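Quick notes on the structure that follows.
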Amino acid sequence: MTIFLQSINGVAALSYAQRLGILALLFVILCCGDSKNGSLENGIRKTYFNTGSVEKEFCLRNGKMDGWCKLYYLDGKLKGEQFFINGLQQNKTTFYFPSGSIKEVQYYQMGYKTGSDTSWNQNGTLALVSTYENGKLNGPQWKYDENGILTHKALFHADTIVTLETY
């Protein structure tokens, strides 16, 4: 990387783009480390479809997924974004339809689905809202048809349905 310094009142300074580039490089190095002697333990990794297009790209640290993981459709469009800490899924996960609109949003804590899991139909209407606790359905769930009209309401406890109402 070549860095050109410009002088501002006699003091050398980096441009905004140069500072941003350096920060991005530092982030990748700190987030993912660098491969040790060609080892697969650390660094950015990609898997590919048979066609050669990228299927998944992710960071490894000490042999475990750590940081952002991006999933792609065969045509290269973004299919999903996940975040991992020490091999466990964490925080917000988002999946997309091939059109680019959001298909589903999930939340994870220490590898377990936790909180709201919301899905949409391809036309953008709400499809399903579920509540999770420690990876199990726990709480209310609402299911909607393609027009966004409520069709089912259920209550779950530890993955077991307690009540079900259909409309």
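Every number in this text was worked out from the coordinates using simple rules, so none of it is lab data. Please read these numbers as outputs of a predicted model, since none were measured by experiment. Every residue, glycine as well, gets a Cβ built from its backbone with ideal geometry; the counts of neighbours run over all protein chains shown.
When the Karplus curve 6.51 cos²θ - 1.76 cosθ + 1.60 is applied with θ = phi - 60°, which whole-Hz ³J(HN,Hα) does each residue of the range 96-109 get, with x for Gly and Pro?
Whole-Hz 3J(HN,Hα) from phi for the range 96-109: 10, 6, x, 6, x, 6, 6, 9, 7, 10, 10, 10, 10, 9.
Check which residues have an amide H placed less than 5 Å from Y108's amide H, if you skip close sequence neighbours.
Residues meeting the criterion, in which the H sits 1.01 Å from N, are N91, K92, T93, T114.
Give me, ordered by chain and number, the residues 5 or more places off G67 or on other chains with an amide H under 5 Å from its own placed amide H.
Long-range HN contacts for G67: F84, I85, N86.
Give, in nm to one decimal, the length gained when the segment between S99 and K46 is fully stretched (0.36 nm per residue of separation minus the Cα-Cα distance). Mind showing how you got there, number by number?
On the way: separation 53, 0.36 × 53 = 19.08 nm, distance 2.29 nm.
Here the answer is 16.8 nm.
Report the Cα-based extents of the range 84-167 along its three principal axes, largest first, to the nearest Å.
Taking max minus min along each principal axis of the Cα atoms, the range 84-167 gives 43, 36, 12 Å.
Fully extended, how many nm does the chain gain between E165 and I85 (0.36 nm per residue separation, minus their Cα-Cα distance)? Numbers along the way, then the final one.
Numbers: separation 80, 0.36 × 80 = 28.80 nm, distance 3.84 nm.
The span from E165 to I85 would gain 25.0 nm if fully extended.
Could you work out the local net charge near G100, counting Lys and Arg as +1, Asp and Glu as -1, over the other residues with Cβ closer than 11 Å to its Cβ? Don't skip to the end; give the middle numbers.
Values: positive: K77, K79, K103; negative: none.
That works out to +3.
Report the one residue of G87, Q106, T118 whose Cα lies farthest in the direction of the positive end of the charge dipole of the range 81-167 (charges on C-beta: Lys and Arg +1, Asp and Glu -1; origin at the Cα centre).
Toward the positive end, the furthest listed residue is G87.
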